[in-house]
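Just so it is clear, none of the values below were taken in a lab; they were calculated from the coordinates. Not measured: the values here are computed from a predicted model. For neighbour counting, all protein chains shown are included, and Cβ atoms are generated from backbone atoms with ideal geometry for every residue, glycine included.
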Amino acid sequence: MGITIEPLTPAIGAIVSGVDLAQPLDAQTHRDIEAAMIDRQVIFVRDQAITERQQRDFAARFGPLHVHPIYPRSKAVPEIMLLDTALNDLRDNALWHSDVSFLETPALGAVLLARKVPPLGGDTLWASATAAYDALPATMKTWLATLSATHDLAKSFPPDRFDAAALEAAKRNNPPMVHPVIRTHPVTGRKAIYVSEGFTTGIVGMEPAMADPLLTMLYTHITRPEFTVRWKWRAGDVAIWDNRVTQHYATYDYGNAHRVMNRATIMGDRPF
Ligand code: OGA
Ligand code: MN
């Protein structure tokens, strides 16, 4: 049997079929899915009827799972994070980011299930930070590799959208973190730009007057259409992405329509 992989753009994305994520996968199928995720950076599986537990168990095959410091979670399965417009304001995700880059060991990846989607809108885009890196001039690659950047949870989670005490606790437990501006994928060895509009606040040892325009240039570069894929959700779609070398953007263009996504987040290692 085996899975089928249909690439979506030259840089990033594929539709994977021939798999039922509700069933425990045999080792070979899991390896094939992991390889497709690493190769295509984000993969999509259609028509998956899976419970919170099945989603958690599938995600846990990739590594230990992370429980988010501020987002609501399922009561029954705390590793399942709830992105539900009825529970909280999801505009936080309508900017380009790599998940939880404010952690010392940010997410390796995530498994995101669409439970309820608006009649129109609510697409999510992913960008390949390796394709963006590859397209940089050689001298810039060399220079950027010498720089480190700070990542701060406070940038993405403004006080007016969260419970003040919970936000303060999350900030205390997650002080700003420094990561290299260029990181190396631990499996492929490919290099990727690792700063994002969502969480990056500055370059270590550089005045904002110089760092901010540099960061803005990188954010603009990473999200060039050539490096991105845009996914139009149907309920039952699952996205699995390599969070180490991608950024994503959840479009907020659906007004008051109800949108519900469930995410399981896989812990990664320290960027180098
Ligand atoms: C996420 C996120 C994407 C979406 O789950 O990490 O940013 O489509 N949301 O809701
Ligand atoms: Mn995200």
* Asked: For the chain, what is the percent of antiparallel DSSP beta bridges, rounded to the nearest 5?
  -> 95 percent
* **Whether the range 27-169 is rounded, prolate or oblate, judged on the alpha carbon gyration tensor where a/c under 1.5 counts as rounded** => oblate
* Could you name the lysines in cross-link range of residue 141, using Cα to Cα under 24 Å and dropping any fewer than eight places away on the same chain? -> 191
* Structure fact -> In terms of the alpha carbon gyration tensor, root eigenvalues a ≥ b ≥ c, rounded if a/c is under 1.5 and otherwise prolate when a/b exceeds b/c or oblate, the range 215-272 is oblate
* Charge context of residue 135, other residues only, Cβ under 14 angstrom, K/R +1, D/E -1 -> +2
* Simple spin-label estimate for residue 140 and residue 163 in nanometres, 7 Å along Cα-Cβ -> 4.4 nm
* Given the peptides 63-71, 86-94, 258-266, arrange them by the average over their residues of other C-beta atoms within 10 Å, most packed first. => 258-266, 63-71, 86-94
* Asked: Once the Cα atoms of the range 4-267 are picked out, what are the Rg and Dmax in Å?
  -> 17.8, 53
* Asked: Tell me, what ³J(HN,Hα) does each residue in the range 95-102 have, in order and in whole Hz, if you take phi through Karplus 6.51 cos²θ - 1.76 cosθ + 1.60 with θ = phi - 60° and put x for Gly and Pro?
  -> 7, 6, 7, 10, 4, 6, 5, 7
* Structure fact -> Ordering 31-37, 8-14 by per-residue average of other C-beta atoms within 10 angstrom, highest first, gives 8-14, 31-37
* In straight Cα distance, which aspartates and glutamates are under 17 Å from residue 171, not counting same-chain residues fewer than 8 positions off? -> 92, 99, 104, 152, 160, 163
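Using alpha-carbon pairs under 8 Å, 6+ residues apart, how would you state the relative contact order of the range 4-267 in percent? Mind dumping the intermediate values first?
Values: 532 pairs, mean separation 96.0, N = 264.
36 percent.
If each DSSP helix of 4+ residues adds -39,500 (n - 2.57) and the sum is divided by the residues in the chain, what number results at 222 nm, nearest 500 deg cm²/dmol?
Details: 6 runs with 61 residues, N = 272.
-6500 deg cm²/dmol, from helical runs alone.
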